[in-house]
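See structure below.
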Amino acid sequence: MLRSLSVWVLIALVAGLALGAAAAAWAGPEIRRAVEIVESVGGLWLNALRMTVVPLIFAVLVTGVAGVADAAATGRLAVKTIGVIVLLLAAGSVYTVFYAQAFYALWPVGEAGAAALRAGASAAPDVAKAAPNLIDFIKGLAPSNPLKAASEDSILPLVVFAGFFGFAVTRLADARRRLMVEVFEALGEAMVTIVRWVLLAAPVGVFALGLGVGLRAGVSAAGEIAHYIIAISSANISIAIIAYAMAVFLGRIPLRLWARAVAPVQVAAFATQSSLACLPAMIERSRDDLDVPDRITGLVLPLAVALFRMTGPVANFGVVLFLLRVYGMHPSAAQFAGGVFVATATSLASVSLPGQLSFFASIAPICLTMGVPVDILPILIAVEVIPDIFRTIGNVTADMAITTILWRSEPSQAKAPAAAAA
C-alpha cells in the first residue's frame, strides 16, 4: 500500500507545482485566492503530522531505552553489540556534518532554488532565532518542567528526560516495569496509527502544499528538490560503501565473498524498503555464505534490525543540514551538538517502518532542536521514496557488516572462513 501511495504522492506533488505555477503565470486574483484556500488544507495536514511528534518520540524513546536495557541484561555479546551500535550511530551523526560540508561545497544549494522553497513554505516561522551559548545549552539539557518543554517543542531536554525515565522504568519491579513498557508501547502504536491515517491523506495534503509552492515559487523549486534527492541518496550510498569497508577490513571477509553474500539481501532491500523484511535473508546469507555461527546471527542480526539503522543519522540529520542551507542558517556548536545527540537518539529508538511513516517523527525533533522550520518537510516526504531505497540498502549492508565484526571479535573465532578462498 505504501509504495502505491508513494506514487500518488509524487503525482500530487508534480500536479500541485504545475497548477500553482500556471496560476501564478496566468490566473487572476480570484483564482489565486482559491489556491490559497486550498493550500490551507495542506497546512491542516501538516499540523496533523506535527501533533504526533512529541508523544511518539517520548513513547519510542522510553520503550527503546527499556528494550536496550533488557537486551543488555541477556549477556556479554548483547552488551557488546549495543555498544558498537551506539558508537556507530554517534559516529554516523558526526560523519554527516562533514559529508554535508564537502557535498555542498562542491554543489551548493542555489540561492534562487532556496528562495523558491522558502517562498513555498508560507507558514515558516522566523528563522532568526538566537543560538544558545554553551552555558545555556548545558543548563537547558534537563527540563525544569517536562510538560512545558513538550508544549514548547523543546525536544533536546525532552529526549534527556525520556532517557532518564526509560532507565528508571527498568529499575521497577517486573510487574510494574512490564506494565509501564506496555503503556508506552501502546501509546507509540496509537501515534503510529494516527500517522498512518494522516499519510493516507498525503496526496491531498502534498497537492495542496505543492499548489502553494507553485503559486509563489513557480517551477524553480523543482531543481532544488532534485538537488535534495541526490544529496540524501548519495549520503546513504556512502554508508553502504563504508559498510563494505567495515566487513572487509574489520570483519576480514574477502571482498568477492562479501559482495556475493550481501547482494541478494540488497536486492530484497530495494524491493521491500524494510530492514525487518530482509532479516531472514540476512540470517541465511550470513550463515550459509559467510559461515557465521547461528549463536551470532541469532542474537546480533535481530538486535541490529531493531536498533541499528546506520543510515538513520546520515539521512535524518542530512535533511536538516539541507534545510539549514535553504534557510541560510548558521547554528552554534552547541546546537550542532544537540542535533548530533537527538539524531543518534531518534535513530536508536525509531520504529522499524518504511521511510514515509517514520520520516516526520525522526526528522522534526532534530529540526526543532536546532531551530529549523519544519514547513518544507511535507514537500520532501513526497520524494522520500527515492532516498528510502538507498537508506534500506545501506542499513542491511551495515547490519551484516557489524555481524561479521562482532563474530571476529569473539575470542574463540579463528581466521577467515574456509569459504574465503572461493
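Any read-out appearing in this document is the output of simple, stated calculations on the displayed coordinates, not a laboratory observation. A quick note: this is a predicted structure, and the numbers were derived from the prediction, not measured. Methodologically, a virtual Cβ is constructed for each residue, glycine included, from the backbone with ideal geometry; neighbour enumeration extends over all protein chains shown.
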Quick one: dipole size for the chain, taken about the Cα centre, charges +1 on Lys/Arg Cβ and -1 on Asp/Glu Cβ, in debye to the nearest 20.
660
What nm value, rounded to one decimal, do you get for the distance between D291 and R260 when each label is placed 7 Å out toward the C-beta?
1.3
Along each principal axis, Cα extent of the chain, largest first, Å
76, 51, 39
The chain - mean residue ellipticity at 222 nm from DSSP helices (-39,500 (n - 2.57) per run, n ≥ 4, rounded to 500)
-26000 deg cm²/dmol
In degrees, nearest 10, the alpha-carbon axis of helix 155-170 is tilted away from the dominant principal axis of the alpha carbons of the chain by 30
Suppose the chain between S40 and A333 were pulled fully straight at 0.36 nm per residue; how much longer would it get relative to their current alpha carbon spacing?
101.9 nm
Dipole moment magnitude, nearest 20 debye, segment 225-351 about Cα centre, only Lys, Arg, Asp, Glu C-beta charged:
180
At most 14 other Cβ within 10 Å, DSSP loop - trypsin sites (Lys or Arg not before Pro), segment 155-232:
R171
Mean separation of Cα contacts under 8 Å (at least 6 apart) over the residue count of the chain, i.e. the relative contact order in percent, is 32
Modelling each spin label as a point 7 Å along the Cα-to-Cβ direction, I'd like the N47/E284 distance in nm, to one decimal.
4.9
Lys and Arg at +1, Asp and Glu at -1: add these up for the other residues within a Cβ distance under 12 Å of G42 and post the number.
-3
Tell me the relative contact order for segment 143-264 as a rounded percent, counting alpha carbon contacts under 8 Å between residues six or more apart.
8
Along the charge dipole of segment 2-421, which of L250, A235, L19 sits closest to the positive end, that is, farthest toward it, with unit charges on the beta carbon of Lys, Arg, Asp and Glu (+1, +1, -1, -1)?
L250
